[in-house]
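Before any comments, here is the structure.
Just so it is clear, none of the values below were taken in a lab; they were calculated from the coordinates. Keep in mind it's a predicted model, so treat the numbers as computed, not measured. As a convention, Cβ positions derive from the backbone with ideal geometry for all residues, glycine included, and neighbour counts pool all protein chains shown.
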Amino acid sequence: MRYLLAHDLGTSGDKVALFQEDGKMIDSVITPYETFYGDDGVREQDPSDWWRAVCEGTRQLMQKIDPKDVAAISFGGMGHCCTCLDEQGNFLDRSILWSDVRSYCEQEELEQIIGAKRCYETTGHKPSSSYTITKMMWMKKHKSEIYNKTYKVLTAKDVIVYKLTGRMCTDYSDASGYMAYNYRTKQWDREMIEACGLKYSLFPEIVSGIAVAGYVTKEAAEACGLAEGTPVVPGGMDGSVAGVGRGTLGDTGFHLGTSSGASLNVPADVLDEQQRYEIWCNVDDPNEVSMSGSMNAFGGSIAWMRDNLCAKEAQLAKETGRNIFEFINENAAKSPVGARGLIYLPYLQGERSPYFNAKAKGCFIGLTMQHTQDDMKRAVMEGCALHLALMMKQLKEISGKQPPQKATISGGASKSKLV
């Protein structure tokens, strides 16, 4: 029997699953890691924690099989991080996450240098502090000693590919998240990069997400429990990997993670004239793209609700051993549709599509003495869901497609019947 090992390096932790070749899942393990928060929108993680989590989860699953029977290991993960490595592969600092918005001044600077229209037509993205290029500009300006030592800048899953194989590379989908990849020429846009004052050499080699990037080294095998020589396939950014499973042009889907999105597979020549929606390349074919709207705090809103409104559910989960979200869903369902007029705006970390406002804030609207915690829970879920629905409506209008008969949903929140 041969097996496949798949890791998803999410914002809250790494989930690894072991599959038979026929697609049957044998088992999975979730290993959390810490996010460090600071003023001015700072959100960071230690890339060493990613490697630790991958090693811990992999070792647990390798106890169930002979590691030599793993045919390949591959990845999905959060995109557009800024992780600085020196030429020896050492981490020079914590990684700046996709949700970190400290580089909003660099976003404005990028718009002045390049222009929002050219950025969008070249990269498929409107300038945003979410993307890697503005974070690199911030590093050069505020942490020049680290910037000057940097050899390559990698995203989360590409850090792990490097740790396993010694090769620094990225796939087409994660390249899209740097906002320096020209999806028309299929290469880094040197003119844009150098106009922003950045070194072209900092950007990694781009490879297909379904091609073997390398093989597990002896050192990596000893650390994570895999067999030396196991093929390593890069995979892609989480939402784009989900898009591969979604299917053909015109197919649609929602990815419900810490960051969430509504996506539609479209021809490469489709653009949003208002620049509200992004173009992402497929993990294995740069000629195939999806148009998507990204929402910064879907999962963040759910986590905020869990931590601040759900003490009784947490106690019940502790007493019964059940998942806390089973109780949260049950209680939120006690509130009627519309949460009795209570509205929640899910902008806890600024927002991307369709507003692209790094300074946007979340809030409840219409809160009265008559509202209960259950109303607030339902309002949070409805506010998140309605924002996704708005994005899908606009995506359909842009592409000229009729509403699909069905849509695929991926991510942890897809388990919720209420959402």
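Dipole magnitude of the stretch 3-240 about its Cα centre, charges +1 at Lys/Arg Cβ and -1 at Asp/Glu Cβ only, in debye to the nearest 20?
With only Lys, Arg, Asp and Glu charged at Cβ, the dipole is about 360 debye.
Any idea what diffusion coefficient the stretch 78-158 gets from Stokes-Einstein, in µm²/s, Kirkwood Rh on alpha carbon pairs, 25 °C, 0.890 mPa s?
Answer, rounded: 189 µm²/s.
What ranking, highest mean first, results for peptides 13-25, 50-62 when packing means the other Cβ atoms within 10 Å averaged over each residue?
Peptide ranking by packing, descending: 50-62, 13-25.
Hey, rough spin-label estimate for Lys393 and Ser144, points 7 angstrom out along Cα→Cβ, what's it come to in nanometres?
So the label points at Lys393 and Ser144 sit 5.0 nm apart.
Starting with the highest mean, order 361-372, 79-90, 117-128 by the number of other Cβ atoms within 10 Å, averaged over the residues of each peptide.
117-128, 79-90, 361-372
Place a label point 7 angstrom from the Cα of Ala333 along the Cα-to-Cβ direction, then list the residues of the stretch 360-394 whose backbone nitrogen is under 14 Å away.
Those under the cut-off are 378.
For the chain, what proportion of DSSP beta bridges, expressed in % and rounded to the nearest 5, is antiparallel?
75
Taking neighbour counts of Cβ atoms within 10 Å as a proxy for exposure, in what order, fewest first, do Leu395, Leu390, Leu348 appear?
Ascending Cβ contact count within 10 Å gives the list Leu390, Leu348, Leu395.
For the chain, what does the helix formula give at 222 nm: sum of -39500 (n - 2.57) over DSSP H segments with n ≥ 4, over the residue count, nearest 500 deg cm²/dmol?
Using -39500 (n - 2.57) per qualifying helix, the result is -10500 deg cm²/dmol.
How big is D, in µm² s⁻¹, for the stretch 3-240 by Stokes-Einstein at 25 °C and 0.890 mPa s if Rh is the Kirkwood radius over C-alpha pairs?
For these conditions, the coefficient is 136 µm²/s.
Tally Lys and Arg at +1 and Asp and Glu at -1 over the other residues with C-beta under 9 Å from the C-beta of Gly77: what net charge comes out?
-4
Order by neighbour count: Met291, Met179, Met1, fewest other Cβ atoms within 10 Å first, most last.
Fewest to most other Cβ atoms nearby, the residues stand as Met1, Met291, Met179.
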